[in-house]
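**Student:** Sending over a structure as structure tokens; questions will come in a sec.
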Amino acid sequence: MPGRTKLLVIMDSQMKVIFLNTCNGEIREGIAAFLKHHAPDTDVFCFQEVYEAMRAICAELLPNYRRVSGYKKVAEDDDFSQATYLRNDLRLVSSELVLEHHTGTGLAIYTQIDTGNGVIHLCNLHGTARPGNKLDTPKRISQSLGLLDFFREKNGMRIIGGDFNLMPETKSAQMFEEDGYRSLVKEFRIPTTRNRLSWDLYPDDKQLYSDYVFVSPGVNVTEFSVPEDEISDHLALILRVE
């Protein structure tokens, strides 16, 4: 059956990656339903705000994934706990924490994955949340520079995503496009990466953006979507690449 064979080849040559600030799984029922729906065909989950509650949810619902995690404490009320979950049959070449020793910045988890058809350099970022206006600061500029410098030396497809805690008009966000990356939130005209759960908390400061995915020129994006699921105060960013 030629049609079926062709479909299987196309499916096998794609990788699905999901980025989400999980808000530590506070909306457990929603997060659980989301994971059950997407786990069968998702290769990598890049999660931010993964504390004890979210780790327990993932341990229960993602048994066929390995976890690469990191933690950074900046201040008493500002820390970063995140995890990248990779399907067990993916070949993880290496991983490390980026920005771990940069004062006043967020944290990123880097994973190098051998897909069999090429290498993907993947970044799971949670950018510094202070100040809450998500505008440029010297630390945010330094954070973007640190990421760009790290990935500039990587040969192959590069994907940098997560909760950047940045507004789209900031220099800190635009630096990625200036360095040659494509902003998928911009390219696919995503109207917002937040939702009512965020806006109800801060009615006088309705921020539409915080989360982004940037890809290097060699990445062939076959699908990018940001469904309006209220499973966190952030929306999930769902990416498929060839």
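**Student:** Looking only at region 37-52, decide whether some residue is without any contact (Cβ under 8 Å) to a residue 60 or more places away in the chain and in contact with an Asp or Glu (Cβ under 8 Å, 6 or more places away or on another chain).
**Tutor:** no
**Student:** Another question, if that's okay. Going through 242, 177 one at a time, which residue ends up being touching a residue at least 60 places away in the same chain (Cβ under 8 Å), surrounded by fewer than 19 Cβ atoms within 10 Å (Cβ to Cβ), acidic (Asp, Glu) and in contact with a strand residue (DSSP E or B) (Cβ under 6 Å, 6 or more places away or on another chain)?
**Tutor:** The match here is 242.
**Student:** If you don't mind, another one. Can you pull out the residues in region 72-86 that are assigned to a strand (DSSP E or B) and more than 20 Å from residue 160 (Cβ to Cβ)?
**Tutor:** 73, 74, 75, 78, 79 - these are the residues of region 72-86 that are assigned to a strand (DSSP E or B) and more than 20 Å from residue 160 (Cβ to Cβ).
**Student:** Starting from residues that are modelled with pLDDT of 95 or more and out of contact with any Phe, Trp or Tyr (no Cβ under 8 Å at 6 or more places or on another chain), keep the ones in region 231-242 and report whichever is farthest from residue 38 (Cα to Cα).
**Tutor:** That would be 233.
**Student:** Enumerate the strands (runs of 3 or more DSSP E) found wholly within region 173-242, keeping only those where 2 or more residues are over 28 Å from residue 142 (Cα atoms).
**Tutor:** The strands (runs of 3 or more DSSP E) meeting that bar are 221-225, 237-241.
**Student:** So, one more: Under 6 Å between Cβ atoms, at least 6 apart or on separate chains: pull out the pairs that start in region 143-158 with a residue that is touching a residue at least 24 places away in the same chain (Cβ under 8 Å) and farther than 22 Å from residue 220 by Cβ and end on any residue that is part of a helix (DSSP H, G or I) and of a type outside the set (Ser, Thr, Tyr).
**Tutor:** 144/175
**Student:** Let me ask another. With the condition kept exactly as written, say whether any residue in region 95-112 is touching a Lys or Arg at 6+ places or on another chain (Cβ under 6 Å), small (Gly, Ala, Ser) and in contact (Cβ under 8 Å) with a residue 12 or more places away in the chain.
**Tutor:** Yes - at least one qualifying residue is present in region 95-112.
The values are calculated or read from the model by the stated rules, or taken from the named source; none is laboratory data. These figures come from a predicted structure and were not determined experimentally. Reconstructed Cβ throughout: ideal geometry from the backbone, glycine too, with neighbour counts over all protein chains shown.
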